[in-house]
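The values are calculated or read from the model by the stated rules, or taken from the named source; none is laboratory data. These numbers were taken from a predicted model, which means no experiment stands behind them. Here the Cβ is made from the backbone with ideal geometry for all residues, glycine too, and neighbour counts use every protein chain on show.
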Amino acid sequence: MSLVSQYPLESAIHHNLYRLSLIRAVVIFGQCLALIYFTTFKPLGLAAAEIAWVLVIYASISVATANRGRFKITITNKEFFIHLMVDIIFFSILLYFSGGASNPFISYYLIPISIAAISLPRAYTASIALIALVGYSLLLNYHIPVMAIAPSHMGHIMAGNNLHVLGMWANFAISAAIISYFVSQIASELELQQKNIAEHREQQLENEQLLAIGTLAAGTAHELGTPLNTMRLLVDEMQLQQPSNTDINLLSQQIDQCKITLKQLQSTANESTASQYSNQTLHSYFDQLIERWQLMRPKLNAKVSYAKNEYPAPEIRFHPTIAQSILNLLNNAADASPSEVEVSVSWSEAEVIICIKDFGEGYQATTSNDLKPFSTNKADGLGLGLFLSQNTVTRFGGSISLDKLPEGGTMTTLCLPLNLTKNAET
């Protein structure tokens with residue numbers, strides 16, 4: 001759902017692996033220069049052959065990793081964790097041949113820890129920090145000493161670890177813990193902030209779409225007045241000539257219903273600006289709504305039932321746009337199943353649940369978050385009904401779900417909290 005200019009998670013991991021390859025290239029190049037310098041110009045007694053072989057193997061793996069990142073194959077967090085662990089292992093081997101914990105480059109262990117803290121979940125970050133700490137601890141006692149960088153005290157080389165080396169180890173442990181916790185915390189907060197920004201921007205775009213649709217609806221309603229009046233005059237003349245014609249009478253009823261709908265559009269807009277809506281009993285509200293719907297669908301066999309439960313039917317105070325949302329869902333069901341639709345209304349202490357069952361081909365199972373504007377499987381549909389219903393219902397804390405039934409047809413479930421106005425305000 002993200003609309004901000006950021007990479008998806010999978011693309012981000014590819015870029016992180018690419019950056020890791022660049023860091024490896026810099027490190028390997030620097031180590032090669034150091035090896036050449038300290039074996040040719042200022043010999044320190046390094047195990048040059050062993051270090052050179054480790055660098056060759058490490059460079060080969062780095063090149064393979066760089067090529068791996070170019071392929072559009074999913075890179076998981078676990079794989080990225082393994083890449084960082086390989087870095088620590090090779091770095092530990094290099095340190096083993098070059099003085100161990102006394103090597104001044106021992107602090108490089110903090111680099112993979114920092115990368116993990118920014119890129120990976122906390123469990124992986126903690127594991128990387130622990131592996132680095134274990135490597136550091138082993139290098140205190142297990143390494144090939146280099147006399148030029150070995151710890152000394154009063155001019156004499158000491159066989160054991162002096163306080164300076166132990167202090168460096170303690171400082172590393174503390175730094176690793178701080179980086180693992182606080183950098184991970186900051187990275188998580190930034191990710192959450194980006195997600196909130198993305199959701200806010202998407203909501204703004206949806207609001208702009210709704211505003212555009214509302215403006216179009218207002219203009220369309222105004223334009224429909226003239227052709228409806230013309231049809232009204234023609235139908236009245238036809239009724240005078242054929243007063244018993246059933247089709248003409250039905251057409252007259254539909255024109256009247258169109259005019260009523262346009263008037264209700266205006267009244268709903270006026271009521272929407274008001275802070276108070278009248279209370280109604282649940283049965284009264286839905287009886288009126290179903291009656292209005294059946295006027296639009298006179299040939300439809302609609303079976304409406306109210307559930308019986310331990311809670312008495314509540315009084316409801318729904319925003320005027322909720323009725324239009326329910327009618328949209330009912331009409332969708334009637335379009336899919338013109339002969340028969342089943343509607344059941346139930347409630348609890350907290351919400352009202354409307355289940356609408358049709359016997360058509362059936363939608364794919366979805367939720368209100370998947371409904372998009374101008375997406376429809378109807379030949380003459382606009383793809384706005386579900387989108388408008390979704391935005392209206394979710395704005396008041398409700399939800400819509402569509403489930404394809406095994407026996408055929410679709411079950412549309414609409415959940416509406418009883419405190420709709422409170423949800424809208426918050």
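Determine if region 131-147 includes at least one residue that is assigned by TED's automatic domain parsing to the domain that holds Leu110, at pLDDT 75 or above and over 27 Å from Val86 (Cα atoms). Yes, region 131-147 has at least one match.
Applying the criterion of being in a loop (DSSP other than H, G, I, E, B) and crowded, with 17+ Cβ neighbours inside 10 Å to the residues of region 35-82, the residue that is farthest from the chain's Cα centre (by Cα) is Leu46.
Considering only residues that are surrounded by fewer than 19 Cβ atoms within 10 Å (Cβ to Cβ), in contact (Cβ under 8 Å) with a residue 24 or more places away in the chain and assigned to a helix (DSSP H, G or I), which ones fall in region 115-130? The answer is Ile118, Arg122, Ser127.
Exactly one residue out of Ser368, Ser399 is surrounded by 16 or more Cβ atoms within 10 Å (Cβ to Cβ), at pLDDT 65 or above and among the polar types (S, T, N, Q): that is Ser399.
Restrict the check to region 343-353 and report whether at least one residue is hydroxyl-bearing (Ser, Thr, Tyr), assigned by TED's automatic domain parsing to the domain that holds Thr392 and over 36 Å from the mean Cα position of the chain (by Cα). Looking through region 343-353, none of the residues is hydroxyl-bearing (Ser, Thr, Tyr), assigned by TED's automatic domain parsing to the domain that holds Thr392 and over 36 Å from the mean Cα position of the chain (by Cα). Restricted to region 297-338, and to residues there that are among the hydroxyl-bearing types (Ser, Thr, Tyr) and touching a strand residue (DSSP E or B) at 6+ places or on another chain (Cβ under 6 Å), the residue that is farthest from Glu351 (Cα to Cα) is Ser337.
For region 290-316, residues that are more than 19 Å from Ala336 (Cβ to Cβ) and in a helix (DSSP H, G or I) total 3.
Leu327 satisfies every condition listed in (1) among the aliphatic types (A, V, I, L, M); (2) over 36 Å from the mean Cα position of the chain (by Cα); (3) at pLDDT 80 or above; (4) not in a loop (DSSP other than H, G, I, E, B) except (2).
Somewhere in region 332-341, is a residue assigned to a helix (DSSP H, G or I) and polar (S, T, N, Q)? Yes, the conditions are met somewhere in region 332-341.
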